[in-house]
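First up is the structure itself, then whatever we jot down about it.
The values are calculated or read from the model by the stated rules, or taken from the named source; none is laboratory data. As the structure is a prediction and not an experimental result, all values here were calculated from the model. Neighbour counts run over all protein chains shown; Cβ positions are idealised from the backbone, glycine included.
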Amino acid sequence: MKISTLKKVFVGRPLATAQARHERLSKGSALAVFASDALSSVAYATEEILLILVLAGTAALGYAVPIGVAICLLIAVVTSSYRQTILAYPQGGGAYIVTKDNFGTLPSLAAGAALLVDYVLTVAVSVAAGIAALTSAFPALYDYRVLLGVLCIAAIATANLRGIRESGALFALPTYLFIASFLGMLGYGYVRWLFGWELPPPPEHVPAGAHAVTTFFLLRAFAQGVRP
């Protein structure tokens, strides 16, 4: 089979530059593509926060809720900034364009470089967290975790190379399934808490923490929750 044939099968037919301009996403598909960064963080951020807090003992786990509220406020600020950017640049404006128009070339290059690093870290951390969850549910796959991670990254890259419209359609289903399953998990947990089903007994002894709950310690837990 020719390379050009394989390319068409996996990547799709090439689009002319004039045709690429008309590639548009619906609001539903756009959510799956452009909000996947924040959504992927939800899958592992809470666990990372708790892993830090538990170093100070189980009593420090109570700080998880205030840290979660702080992260929600941060997301609200970012969302407000995006909304203002959309209104100011209706034809499209990323971090590089917006920074260059308002602050100059050098800051825009720094913003663009930061985004490139962020995108690489987002894919790496998200895929690693997903494979860790998969191998935890199916221990027989643990020895193949590196291969599974590489295959997932290859699949994500292939889906993005097929174009904005097709990648939006491919990412929409798993994104909305994740949202539905996450809301279902929260609802189930809330019902169990509300009716007092299978509540764990209080611990007889709470061991002393290895770390003191300082401001720096809380900031570290906060950083774990907002990292890529």
Problem set entry | Condition met for ALA16 (modelled with pLDDT of 75 or more, small (Gly, Ala, Ser) and loosely packed, with under 13 Cβ neighbours inside 10 Å) | no
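Collect the residues in the stretch 133-171 that are of a type in the set (Gly, Ala, Ser) and free of Cβ contacts under 8 Å to residues at least 60 places away in the same chain, keeping them in residue-number order.
Matches in the stretch 133-171: SER136, ALA137, ALA140, GLY149, ALA154, ALA155, ALA157, ALA159.
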Exercise. In this structure, is LEU151 out of contact with any Cys (no Cβ under 9 Å at 6 or more places or on another chain), closer than 21 Å to SER36 by Cβ and modelled with pLDDT of 90 or more?
Worked result: yes
Exercise. Yes or no: GLY62 at positive phi and loosely packed, with under 12 Cβ neighbours inside 10 Å?
Worked result: no
Exercise. Does the stretch 67-77 contain any residue that is out of contact with any Ser or Thr (no Cβ under 6 Å at 6 or more places or on another chain), without any contact (Cβ under 8 Å) to a residue 12 or more places away in the chain and within 24 Å of GLY112 (Cα to Cα)?
Worked result: yes
Seminar exercise, completed: Of the residues in the stretch 156-205, those that are at pLDDT below 80 and surrounded by fewer than 11 Cβ atoms within 10 Å (Cβ to Cβ) come to GLY196, TRP197, GLU198, LEU199, PRO200, PRO201, PRO202, PRO203, GLU204, HIS205
